[in-house]
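Read the structure below first, then the notes.
Coordinate-derived values only; no laboratory data. Keep in mind that this is a model prediction, so the values were computed, not measured. Here the Cβ positions follow ideal geometry from the backbone for every residue, glycine too, while neighbour counts run over all protein chains shown.
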Amino acid sequence: MRIRIHPAFIIYLILLVFLDSYSVCFSILMSLFVHEAWHYVACRLVGEQIDQLILTPFGGVMTRKRGTVSHKGLKGIFVHAAGPLGNYVFLLSTCLPILQRCVNPVLLRNLMISNASMLLFNMLPVLPLDGGQVVFCLGYYFFPIGKLVCCLSFFGVVVGIGGLFLAIYGLMVHDLL
């Protein structure tokens with residue numbers, strides 16, 4: 001499997017370091033690594049062949065080898081739920097007393113926030129996020145594919161517009177707009 005880094009991802013990381021800290025940058029990278037590693041392991045367990053992983057500012061995008069089709073049903077649910085499950089396990093591990101004694105409290109807090117954020121965001125039932133993929137793999141057996149994709153895409157637009165309004169509200173509250 002090849003790993004490619006999108007140029008926008010590098011700019012994103014540089015901005016994180018300059019606008020926040022190395023701790024936040026490391027936490028986001030660690031959360032992304034855990035998330036994608038769990039997806040990769042799940043793919044290998046069900047026999048999917050991954051060609052490459054592209055790291056973007058919005059997360060990782062895995063592409064399958066030519067001629068292979070992604071799994072639907074329980075195998076698809078397993079593959080798509082693995083990333084958020086990995087973030088959840090990592091989040092639980094930050095509560096271990098030995099980790100709390102050995103790791104800088106600021107770094108530990110940033111790891112908790114980044115893993116919880118990635119977990120919650122990725123489980124939104126919109127395509128192409130993992131939650132939308134899980135709903136698609138489950139709904140594949142019950143609904144026509146066209147209607148299922150249309151419904152999940154509509155939820156994506158609603159969530160996107162909601163996020164935009166939330167960002168504008170945040171900027172207004174902090175007198176940045």
Original post:
Once you put a point 7 Å from the Cα of I3 and another 7 Å from the Cα of T56, both along the Cβ direction, what distance in nm separates them?
Top reply: 1.9
**OP:** Starting from the Cα-Cα distance between S21 and K65, subtract it from 0.36 nm times their residue separation and give me the gain in nm to one decimal.
**Re:** 12.1 nm
Subject >> log₁₀ of I(q)/I(0) at q = 0.20 Å⁻¹ - the chain, Debye sum with one point per alpha carbon >> reply: -1.44
**OP:** Check each of the chymotrypsin sites (Phe, Trp or Tyr not before Pro) in region 141-174 and keep only those in coil by DSSP with at most 15 other C-beta atoms within 10 angstrom; list them in order.
**Re:** Y141, F142
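Among the complete DSSP H segments of the chain, which ones combine at least 30 Å of alpha-carbon extent along their axis with a mean Kyte-Doolittle hydropathy of -1.0 or more?
On the way: long enough: 22-46 (36 Å, 1.14); 145-173 (41 Å, 2.14).
What comes out of the filter, once short or polar helices are dropped, is 22-46, 145-173.
Looking only at the chain, where both bridge partners belong to it, what percent of the DSSP beta bridges are antiparallel (to the nearest 5)? Before the final figure, lay out each step's value.
On the way: 6 of 10 bridges.
Percentage antiparallel, nearest 5: 60.
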Subject >> Under 5 Å, built H, 5+ apart or other chain: amide partners of R64 >> reply: D51
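Do the sum for the chain: with -39,500 (n - 2.57) for every DSSP H run of n ≥ 4, divided by all residues, what is the mean residue ellipticity at 222 nm, to the nearest 500 deg cm²/dmol?
Values: 7 runs with 122 residues, N = 177.
It comes out at -23000 deg cm²/dmol, rounded to the nearest 500.
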